[in-house]
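Peer 1: The structure's right below; bear with me while I get my questions together.
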Amino acid sequence: MTQTDIHEIMTKVCSFPSIPGTTAKLLKLLDDPDIPASQIEETVRYDPGLTANILKLANSAYFGFASKVGSVKQAVVLLGNKRVTQLVMASCVNAIIQKPVVGYELPPGELWRHSIAVSVASEGLMKELELSTNQEVFTAALLHDVGKLILGEFVKEDLEKIEALTSEGMPFQEAEHEVLGIDHAQLGAHILKTWSLPPDIISAVRYHHDPDSAGETNTLVDIVHVADVLSLMIGIGAGREGLHYEPSPSATKRLGIKASHLEGVASRTLQWVNELSDVFGLNENM
Ligand SMILES: [Fe+2]
Ligand SMILES: [Fe+2]
């Protein structure tokens, strides 16, 4: 890849959609655990899509609330700020991630399903390992493959070269780097830097395929890495990349993960992803 191509990629990054105003405002509000539900409803009420999604989620079988939830305020009280925040972020990323990612052979919505799966699996792993969970885990996992959206278009032309390298045993992201001059993890981290996201999130995205290179030990990096592999193992979002991907033995050792941890997390992840896909009407397209 020439310098011009890299410049072209960077130009695309600059025109990458930013987080919409209402969403940014809402995420800020939800960050405060003491925020009254009425104030959240006030912000959401002008967004029919978001209102519909929050209500659909609150009424989904996953939560199994005894009576029907009819207002955003009630939904926020029942689901809690955390779940609502996750839904808002999923909605926001959904709008960006819907298109097919050609070069990676991911159909429309599949990258989104994969991103949600990695988020849920990350949280599930934190819980299994009795680590205190925070919102950053969900965000890092949700955005870990965002670089693929941009690179997908470039991979399309160079796929044969990348495939030739991977068939010789080179890991996918290394082959990407070799052929394109940059890999999707590096590019993703770059995008998030332009969004001014916290350094731990950027680092989890940057090293999600290679947690051992992250420098200092970072649980967030290891968790997102293992959750990514787990999601690919259960068949969510494999595309081209999933065929050449294994977990880092050092990361699983650092976290103290056992097979028994992974089983429970895998089944809960599948259930939640299907539930959310229903909310976003993705299952009909699958
Ligand atoms: Fe990735
Ligand atoms: Fe991934």
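Coordinate-derived values only; no laboratory data. Computed from a prediction, not measured in an experiment: that's the story for all the values here. Please note: Cβ atoms are built from the backbone with ideal geometry, for glycine as well, and neighbour counts cover all protein chains shown.
Peer 1: Just subtract the alpha-carbon distance of E246 and D212 from 0.36 nm times their residue separation and send over the number in nm, one decimal.
Peer 2: Length difference between fully extended and current span is 10.9 nm.
Peer 1: If amide hydrogens are placed 1.01 Å from N in the peptide plane, which non-local residues have theirs closer than 5 Å to the one on H144?
Peer 2: For H144, whose amide H was placed from the backbone, there are no distant partners under 5 Å.
Peer 1: What is the fewest-to-most order of D34, D183, D210 by other Cβ atoms lying within 10 Å of their Cβ?
Peer 2: Values: D34 5, D183 23, D210 17.
Fewest-to-most Cβ neighbours within 10 Å comes out as D34, D210, D183.
Peer 1: Among T43, T51, rank each residue by its count of other Cβ atoms within 10 Å, from fewest to most, as a rough exposure measure.
Peer 2: T51, T43
Peer 1: What are the ³J(HN,Hα) values, in whole Hz, obtained from phi via the Karplus relation 6.51 cos²θ - 1.76 cosθ + 1.60 with θ = phi - 60°, for each residue of region 158-163 in sequence order, with x given for Gly and Pro?
Peer 2: 9, 4, 4, 5, 5, 5
Peer 1: Now, a different point. Cα to Cα, under 25 Å, and not fewer than 8 places away if on the same chain: which lysines meet these conditions relative to K258?
Peer 2: Correct list for K258: K127.
Peer 1: Each label point is 7 Å from the Cα along the Cα-to-Cβ direction; what then is the distance between the points at S167 and A52, in nm?
Peer 2: 4.6 nm
Peer 1: Calculate, in nm to one decimal, what E178 and L159 gain on full extension: separation in residues at 0.36 nm each, minus their alpha carbon distance.
Peer 2: 5.7 nm
Peer 1: Let me ask something else. If we count other beta carbons within 10 Å of each Cβ, what is the order of H225, H184, H209, H261, fewest first? Don't jump to the answer; show the numbers that get you there.
Peer 2: Values: H225 26, H184 29, H209 23, H261 19.
By the 10 Å Cβ count, ascending, the order reads H261, H209, H225, H184.
Peer 1: So, one more: Provide the gained length on full extension for the span L78 to D32, in nm with one decimal, where the gain is 0.36 nm per separating residue minus the Cα-Cα distance.
Peer 2: Difference between extended and current length: 14.9 nm.
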